[in-house]
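Q: Before we start, here is the structure in question, set down as structure tokens.
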Amino acid sequence: MDRKTLAKDDFRGFVVNLMQQYPVSGVVQKGKHHVYADLESPDQLCPDSTYLRTILPPKKYCFPQREELLRFSTADDVTTRDALEVCVRVVIGLHPCDLHALQMLETSLGSDRPDDHWVRRRASLAIIGIDCLPDEHCFCGSMRTNLPPQNGYDLFLTDIGESYVVEVGTERGAELLDNAPGLRAATDHELGQVLAFRDKKVRSFQLELTTQPENLPLALTSFRNSPVWEEQASKCLACGSCNVTCATCYCFDVLDRMDLSLKEGVRERQWDGCLLPDFAKVAHGGNFRSKGVARYRHRFYRKFEYLPVRYGKVFCCGCGRCSVNCVPDIANPVKVLNKVIDGAVNGRRTS
Ligand code: SF4
Ligand code: SF4
């Protein structure tokens, strides 16, 4: 892998160069928070490792909150038209956990049952990641998503003080660096600084899962009746914040909207969330998960049992967005899973 060094003083020129060629999005400050937004100026960008997480994850660039799937006409014969047009877009600032989250979604939406819109949007995304340090909600170390994944980025930056070390992941990444001002090969000392940063990160986690993530599917088969689910779910507000801010949730609802002539319409999809009371409601009015405890427990089983059994990996990157956005503080997977598992280990009857 090629590794370069880009001085921070030259980073602005690098971004200006990109903005002359592509639409560029990146992490910008919004009040007290950070969001991914389209850049109008490189000065909007928050290019260092100090921001902790964005409100919405970068999956929105491949799987938007709401999107048109197709337009249809019933005028004569029924016809349909897919109106999606994509172009290469550069997104700057993804942390390693979010890079892993995109790979998890790619496993499902890009490979197992390819979703045409996901596949086309993902292929058009040029990704520039950046390393970070955890806060009290992060647990990517326990999910093994703390390092940038192979094949998960075009460029990846590590902040070493006055400069970034830039790992070049793809040919497209190398092209993004064309004409970058002041670019040079990274020295051994600078590569050592990258390792030191990663060591510091590993030592900084405040949350740790008490078992290995690959043990979770088997462990959870025994804990379906744990009293912890009921105890935690009794505090749930059914607001769905843990779902809509999640980096790896990908459930959606599909709606057809007719125009007033009743001759034409659009089929749209929008994010849905399994914690919302109507999520499992079906046409005749029945609801397969009408009780809060069933919805609450389902979220954990989906991420740590059902999808791992199917795809061989947990579907949580440890980003902590669910934890930050849950008012009663019952959504952090590590806290909840430790409670369920440790409760059993320490002798409580859970099944
Ligand atoms: S469950 Fe929480 S920590 Fe895991 S990916 Fe979703 S938002 Fe991030
Ligand atoms: S964010 Fe918290 S309160 Fe809201 S649905 Fe999720 S678990 Fe329930």
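Q: Looking at (1) within 14 Å of L102 (Cβ to Cβ); (2) touching a Gly at 6+ places or on another chain (Cβ under 7 Å), can you tell me which one L125 breaks?
A: Single failed check for L125: (2).
Q: Further question: Kindly indicate whether A280 is aliphatic (A, V, I, L, M) and on the phi > 0 side of the Ramachandran plot.
A: Answer is no for this residue.
Q: Report yes if some residue within the range 238-252 is part of a loop (DSSP other than H, G, I, E, B), in contact (Cβ under 8 Å) with a residue 40 or more places away in the chain and away from ligand 1 (no atom under 16 Å from the Cβ); otherwise report no.
A: yes
Q: Taking the conditions exactly as written (out of contact with any Phe, Trp or Tyr (no Cβ under 6 Å at 6 or more places or on another chain), farther than 24 Å from P57 by Cα and more than 16 Å from ligand 2 (Cβ to nearest atom)), does Q193 satisfy them or not?
A: Yes, satisfied.
Q: If you check every pair at least six apart or on different chains, which have Cβ atoms under 6 Å apart with a residue in the range 96-112 that is more than 16 Å from P134 (Cα to Cα) first and a residue that is aromatic (F, W, Y) and in a helix (DSSP H, G or I) second?
A: If the second residue must be aromatic (F, W, Y) and in a helix (DSSP H, G or I), the pairs left are T107/Y311; L109/W118; G110/W118.
Q: Answer yes if at least one residue in the range 108-125 is within 16 Å of ligand 1 (Cβ to nearest atom) and over 22 Å from C87 (Cβ atoms), and no otherwise.
A: yes
Q: Within the range 178-197, count every residue that is touching a Lys or Arg at 6+ places or on another chain (Cβ under 7 Å) and either crowded, with 17+ Cβ neighbours inside 10 Å or under 30 Å from K303 (Cβ atoms) (or both). Step through it out loud before you land on a result.
A: Of all residues in the range 178-197, those touching a Lys or Arg at 6+ places or on another chain (Cβ under 7 Å) come to 183-186, 191.
Imposing the further condition that a residue be either crowded, with 17+ Cβ neighbours inside 10 Å or under 30 Å from K303 (Cβ atoms) (or both) reduces the set to 186.
Result for the range 178-197: 1.
Q: Moving on to the next point. Please enumerate the residues belonging to the range 144-156 that are surrounded by fewer than 23 Cβ atoms within 10 Å (Cβ to Cβ), on the phi < 0 side of the Ramachandran plot and within 16 Å of ligand 1 (Cβ to nearest atom).
A: Across the range 144-156, the qualifying residues are P149, G152.
Q: Looking at the range 198-213, is at least one residue within 30 Å of V165 (Cβ to Cβ), among the acidic types (D, E), away from ligand 2 (no atom under 14 Å from the Cβ) and part of a helix (DSSP H, G or I)?
A: Yes: one or more hits.
Q: Let me ask you something else. What residue, among those in the range 305-332 that are within 7 Å of ligand 1 (Cβ to nearest atom) and outside any loop (DSSP other than H, G, I, E, B), is nearest to Q206 (Cα to Cα)?
A: The extreme case among them is S323.
Q: Now, a different point. Filter the range 274-319 down to residues that are in contact with a Cys (Cβ under 7 Å, 6 or more places away or on another chain), closer than 21 Å to P64 by Cβ and within 15 Å of ligand 2 (Cβ to nearest atom), then give me how many there are.
A: 3
Q: In the range 222-259, how many are in contact with a Ser or Thr (Cβ under 6 Å, 6 or more places away or on another chain) and of a type outside the set (A, V, I, L, M, F, W, C)?
A: 3
Q: So K60 ticks every box in (1) within 15 Å of the chain's Cα centre (by Cα); (2) assigned to a strand (DSSP E or B) but one. Which box is left unticked?
A: Here K60 meets the rest and fails (2).
Q: Under 6 Å between Cβ atoms, which residue pairs at least 6 apart in sequence (or on different chains) link something in the range 122-142 that is within 19 Å of L207 (Cβ to Cβ) with a partner that is of a type outside the set (A, V, I, L, M, F, W, C) and assigned to a strand (DSSP E or B)?
A: Between residues of the range 122-142 that are within 19 Å of L207 (Cβ to Cβ) and residues that are of a type outside the set (A, V, I, L, M, F, W, C) and assigned to a strand (DSSP E or B), the close pairs are D131/T158.
Q: Would you confirm whether any residue within the range 263-284 is in contact (Cβ under 8 Å) with a residue 40 or more places away in the chain and among the polar types (S, T, N, Q)? Before you say what the answer is, go through the steps one by one.
A: Step one: list which residues in the range 263-284 are in contact (Cβ under 8 Å) with a residue 40 or more places away in the chain, which gives 263-271.
Those still in the list that are among the polar types (S, T, N, Q) too: 270.
Yes, the conditions are met somewhere in the range 263-284.
Any read-out appearing in this document is the output of simple, stated calculations on the displayed coordinates, not a laboratory observation. Everything numeric here is computed off the predicted structure, so don't read it as measured data. Please note: Cβ atoms are built from the backbone with ideal geometry, for glycine as well, and neighbour counts cover all protein chains shown.
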